[in-house]
Amino acid sequence: MPRLALLSTSDKTGLLELARALVEQYDFELISSGGTAKALIAAGLPVTKVSDYTGSPEILGGRVKTLHPKIHGGILARRDQPQDLADLQANNIRPIDLVVVNLYPFEQTVAAPGASLTDAIEQIDIGGPTLIRASAKNHAHVTILCDATQYESYLTELSTNAGQTSPEFRAACAYRAFSRTLAYDRAISAYLGEAFELQDSFALVGQVAQTLRYGENPHQSATWYQTEAAGWSTADLLQGKELSYNNLVDLEAARRLIAEFAQDTPTAAILKHTNPCGVAQGSSLVDAYRKAFAADATSAFGGIVALNRPIDASVAEALTETFLECIVAPGCEPEAQAILAKKSKVRVLILPELQQGPAQTVKVIAGGFLLQASDEQSTDLQAGVANWRVVTQQAPTSAQLSDLEFAWKVCKHVKSNAIVVARDGVTLGVGAGQMNRVGSAKIALEQAGERAQGAVLASDGFFPFDDTVRNATAAGISAFVQPGGSLRDGDSIKAADELGVTMLLTDVRHFLH
């Protein structure tokens, strides 16, 4: 008797080719339901409708069709158990050897603009996950295909194994099947949790995008998982070696920083170990890059460069003048790509949607993880700077306010304690990750040197004492921006007034640990 295959798919990609091969090459009989049966019949393929096979009609508008003992008995029967085989015979049930199922497009539905709760609920598949789980459970005897990308490898498996599948192949398919239902249920849970304002649990599910050579250090294993078809998994690697763990961590830090700057003003950022060493705006992209590089040329060597505009030929020439690990931009002109090819080892990535980042961040701790909303507090003039408070007698000039905004945006992406010194849209000194704010300020001011004359200073946290204000003013700083919130804010404000400099409080803190 021919083997039996059950086909029930929402996504019909590759379905007809698979079905034709099953019938014409491997002597399968097909049973199918709903739209899948219609598609097979329209293609001239022999198929038995599930309702005809089970003797039970589809009901509730198609909500119930495959939930029947003749279907699940045929899937779950263990072929090496005499009692199971006897039950099949007694109930006129044929064993099902292959199940091809993919699920209602819940994720795509809720991602679409304007999708309602009703729309989402109707795209929660019930029969599909049940078929997938039953088939995966009984993978010792049944093959489950839950994605069109598996069809070719399945047919290859049949052609090289005399029309059969190996236990290893079925096990791999079962693993992928359970991974798919896990991701599906996670998407539904997350959507309904947000819709019903319930956050009792959180699940993180990803698919392997790449097995990395190693992690932060050679003795650490690492894997890159993607949770959705967005972000870095959609980036186009134009050239260079495959990405490493550290590359990806640095690139994400660079993306977050450059996302602060709209494309109307050319901006370049150079980072090392997730900290910016040079950020600048300019009249052109090459002007911005050269200013960013000059801000700290020593640290820029071997750095990660992020640009907020497509790479043109001029900036491409400048980028090839020194060793860089990675370059990321929203685009790359053909002439620029040819120039960059001279440095074939430099990784060049194109990520058109640089501004689109995760809504939440996750950090693993022993026995669990921490989940928080991303730090997306706006720092632009409309929603950010307009709400800052001038707390000194001396108000900022328009040029100082522009520099303070620029420095504040950069400071947000520097490891705490963070201090940024800037002028004319260029960072002059960056103090990162010190155990006290005075230490960070000292590093930033020493790096700025004489360039600090007339510059501004941004701090990601409040000044607990007035020492930073006095030291920075002595170095030439003319204006400060900081969150405020210290019990001794008054001391810092008083010192600023005594020294004739400007201070603004944001009432928003940007710690980055």
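The values are calculated or read from the model by the stated rules, or taken from the named source; none is laboratory data. Keep in mind the model is a prediction, meaning the values are calculated, not measured. A quick note on method: Cβ atoms are made from the backbone with ideal geometry, for glycine too, and the neighbour counts reach across all protein chains shown.
Return yes when SER299 is touching a Lys or Arg at 6+ places or on another chain (Cβ under 8 Å) and not hydrophobic (A, V, I, L, M, F, W, C) and no when it is not. Yes.
Might you let me know whether segment 434-452 holds any residue that is of a type in the set (Gly, Ala, Ser), part of a helix (DSSP H, G or I) and touching a Ser or Thr at 6+ places or on another chain (Cβ under 6 Å)? Yes, the conditions are met somewhere in segment 434-452.
Restricting to segment 413-433, name every residue that is in a loop (DSSP other than H, G, I, E, B) and on the phi < 0 side of the Ramachandran plot. Lay out the reasoning, then the answer.
Going residue by residue through segment 413-433, those that are in a loop (DSSP other than H, G, I, E, B) are 413-418, 424-425, 432-433.
If the condition is that a residue be in a loop (DSSP other than H, G, I, E, B) and on the phi < 0 side of the Ramachandran plot, then HIS413, VAL414, LYS415, SER416, ASN417, ALA418, ALA432 are the ones that fit.
Considering (1) touching a residue at least 40 places away in the same chain (Cβ under 8 Å); (2) out of contact with any helix residue (DSSP H, G or I) (no Cβ under 6 Å at 6 or more places or on another chain); (3) assigned to a loop (DSSP other than H, G, I, E, B), the lone condition that ASN247 does not fulfil carries the number (3). Per the listing VAL508, VAL410, the residue uniquely β-branched (Val, Ile, Thr), under 29 Å from the mean Cα position of the chain (by Cα) and assigned to a helix (DSSP H, G or I) is VAL410. The helices (runs of 4 or more DSSP H) found wholly in segment 29-100 and carrying at least 3 residues that are farther than 19 Å from ASN138 by Cα occupy 34-42, 50-54.
Residue-level analysis places ASP147 among those that are touching a residue at least 24 places away in the same chain (Cβ under 8 Å) and either among the charged types (D, E, K, R) or surrounded by fewer than 17 Cβ atoms within 10 Å (Cβ to Cβ) (or both).
When segment 292-332 is filtered for residues that are under 20 Å from THR234 (Cβ atoms), in a loop (DSSP other than H, G, I, E, B) and in contact with an Asp or Glu (Cβ under 7 Å, 6 or more places away or on another chain), only PRO310 remains. Might you check whether a residue that is surrounded by fewer than 20 Cβ atoms within 10 Å (Cβ to Cβ) and in contact with a Gly (Cβ under 6 Å, 6 or more places away or on another chain) occurs anywhere in segment 58-70? Yes, some residue in segment 58-70 is surrounded by fewer than 20 Cβ atoms within 10 Å (Cβ to Cβ) and in contact with a Gly (Cβ under 6 Å, 6 or more places away or on another chain).
The conditions of being of a type outside the set (Phe, Trp, Tyr) and under 24 Å from ALA269 (Cα atoms) are not met by VAL438.
Taking segment 119-152 as the range and being part of a helix (DSSP H, G or I) and over 30 Å from LEU192 (Cβ atoms) as the test, the residues that pass are TYR151, GLU152. Can you go through LEU103, LEU15 and tell me which one is modelled with pLDDT of 90 or more and farther than 18 Å from PRO129 by Cβ? LEU15 is the lone residue from the list that is modelled with pLDDT of 90 or more and farther than 18 Å from PRO129 by Cβ.
If the condition is being small (Gly, Ala, Ser) and either farther than 15 Å from ALA209 by Cα or without any contact (Cβ under 8 Å) to a residue 12 or more places away in the chain (or both), then segment 229-244 contributes ALA229, GLY240. Only residues that are of a type in the set (Gly, Ala, Ser), free of Cβ contacts under 8 Å to residues at least 24 places away in the same chain and either outside any strand (DSSP E or B) or under 26 Å from GLU122 (Cα atoms) (or both) were counted across segment 209-227, and they come to 1. Selection of segment 472-493 for residues being among the hydrophobic types (A, V, I, L, M, F, W, C), crowded, with 22+ Cβ neighbours inside 10 Å and in a loop (DSSP other than H, G, I, E, B) yields only ILE477. Among the candidates LEU182, LEU155, LEU103, the residue that is part of a helix (DSSP H, G or I) and within 25 Å of the chain's Cα centre (by Cα) is uniquely LEU182.
For segment 191-208, taking the residues that are under 16 Å from PRO129 (Cβ atoms) and part of a helix (DSSP H, G or I), the one that is farthest from the chain's Cα centre (by Cα) is identified as LEU192.
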